[in-house]
Amino acid sequence: MRKISRILVLALLLLSVCAVAADYPQWRGINRDGVADEAGLLDKWPADGPAQLWVAEAIGVGYSSPIEVDGKTYITGMKNENAVLTALNSIDGNILWQVQYGPSWAKKQYAGERSTPTFSNGKLYIMNPEGQLFCFMANDGKQVWMVDTQKDMGARNITWGLTESVVVDDNKVYCTPGAQQCGVAAFDKNDGSLIWKTGDLGKSAYCSPVIVEHNGKKMLITMMDALICGIDVTNGHIMWQAKHKAAYGINAITPIYDDGICYVSNGYKLGGRALKIAPEGSSAQEIWTDKRLDCQLGGLSYSKGLIYGIGQNGNIIILSIKTGKVIAASEPYAGKGALVMADGKLFCYGESSKVALVTFDGSKFKLCGNFDIKLGEKEHWAHPVVSNGKLYIRHGDFLMAYNVAK
């Protein structure tokens, strides 16, 4: 009887997912803007939170987030000081395969994997904390190629390990060695051969870049340890750069871009700034600054001209990208942490161990449910993910999936 009930629950879940289906193939969502392409999600959670679908353990410890594509969930972790990539069945959480990909970050501070894999055309791309860039087949984990950016390009490691969720676009995969002779590089995504590299831009700074289209021309925008820059994706030419130095070299937030404006945010009470990129993309000038949204690690969500993020005091701050005006500020529902937007709702996961569902109606915030994460150890730093009607929360060696579909 229990087996029949389980099959029925899974069937109903599949039906609900089909109505709201949207994969989440890379860091911070399909456009890297912290927005999941979902609809039909719960408006309010039960008192003890949404129904838990499954828990997967033995994925290895770490702070990275999962991705979901074609019914499979992929996540990284550290086992016995090795970096491990795991594929799971998205419906029941069963492990399908695991592969190692070089050394993980086994130092005293914050040991574990930190980078999220990127899916493109049946392959997965991932870089470990020692700068080794890998390509695997998504169906079985078979390694396709590997480039060692420390050995081959002089990549310089940083205080808490190279931390970048690489971006893939067209036939290229981009990463940030932060070497003296190679700040950013583009490789052929099929065989790992080098296509272009920039000169010295400083050290890597924990930033996962974004590719945008600026007046019909594609540009990679990223942050190094002391600057923001825009790079021509066709040839690696530095189109523009601006000084931007952060405490401890932590420029970790993926930039937000819209209509010629690039916005970045930093923690340690530095706050954020917006730059207006010249129409031809040859320069960028600061147009406003803001101290309230001092987002350190938790990522930004962007929708309809508004930037959403959590500051170091744990408050959700909403800014206008055009003016920098603070539209609203919430109480600290989950505390300092990360958020992602889905179906117009904010899914927050804080260092307090709390997960919160929050809505904003244009004038005020509303808490629509919360619960505590009790499994796992160490810091609650992994970003929440919403995909195909499921909310994913990762803590340490555990990945949990919850049904948030109506």
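A few comments on the model shown:
- A single entry from 195, 211, 221 fulfils the requirement of being in a strand (DSSP E or B) and touching a Leu at 6+ places or on another chain (Cβ under 6 Å): 211.
- All positions within region 311-328 that are surrounded by 16 or more Cβ atoms within 10 Å (Cβ to Cβ) and not polar (S, T, N, Q): 311, 314, 316, 317, 318, 319, 321, 324, 327, 328
- Exclusive hit being at pLDDT 95 or above and over 21 Å from residue 245 (Cα atoms), set 195, 228: 195
- Inspection of region 62-82 finds a residue satisfying the criterion of being of a type in the set (S, T, N, Q), crowded, with 22+ Cβ neighbours inside 10 Å and over 23 Å from residue 157 (Cα atoms).
Rundown of residues vs (1) acidic (Asp, Glu); (2) touching a residue at least 60 places away in the same chain (Cβ under 8 Å); (3) under 23 Å from residue 74 (Cα atoms), yes/no style:
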{"position": "355", "(1), (2), (3)": "no, yes, yes"}
{"position": "360", "(1), (2), (3)": "no, no, no"}
{"position": "366", "(1), (2), (3)": "no, no, no"}
{"position": "374", "(1), (2), (3)": "no, no, yes"}
{"position": "383", "(1), (2), (3)": "no, yes, yes"}
{"position": "391", "(1), (2), (3)": "no, yes, yes"}
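- Within region 324-351, being in contact (Cβ under 8 Å) with a residue 12 or more places away in the chain, more than 17 Å from residue 24 (Cα to Cα) and charged (D, E, K, R) holds for 331, 336, 351.
- Residues in region 167-188 that are assigned to a loop (DSSP other than H, G, I, E, B) and open to solvent by 20 Å² or more (accessible area, probe 1.4 Å): 170, 171, 180, 181.
- In region 280-296, the residues that are open to solvent by 70 Å² or more (accessible area, probe 1.4 Å) and assigned to a loop (DSSP other than H, G, I, E, B): 280, 291, 292
- Taking the criterion of being of a type in the set (Gly, Ala, Ser), closer than 20 Å to residue 250 by Cβ and without any contact (Cβ under 8 Å) to a residue 60 or more places away in the chain, the residues of region 183-223 that qualify are 183, 202, 204, 205.
- Hits in region 298-310 (condition: assigned to a loop (DSSP other than H, G, I, E, B), open to solvent by 10 Å² or more (accessible area, probe 1.4 Å) and in contact with a strand residue (DSSP E or B) (Cβ under 7 Å, 6 or more places away or on another chain)): 305
- Subset of region 74-110 (residues that are without any contact (Cβ under 8 Å) to a residue 60 or more places away in the chain, within 28 Å of residue 390 (Cα to Cα) and hydrophobic (A, V, I, L, M, F, W, C)): 78, 83, 84, 85, 87, 95, 96, 97, 99
- Within region 39-98, strands (runs of 3 or more DSSP E) holding 2 or more residues that are under 25 Å from residue 367 (Cβ atoms): 51-56
- For region 180-237, a residue qualifies if it is within 25 Å of residue 121 (Cα to Cα), among the basic types (Lys, Arg) and under 23 Å from the mean Cα position of the chain (by Cα), and the qualifying residues are 189, 218.
The values are calculated or read from the model by the stated rules, or taken from the named source; none is laboratory data. Quantities reported herein were computed from a predicted structural model and do not represent experimental measurements. Every residue, glycine among them, receives a Cβ derived from its backbone with ideal geometry; neighbour counts consider all protein chains shown. Calculation scope for accessible area: heavy atoms of the full protein, side chains included, ligands and nucleic acids excluded. Shrake-Rupley method; radii C 1.70, N 1.55, O 1.52, S 1.80 Å.
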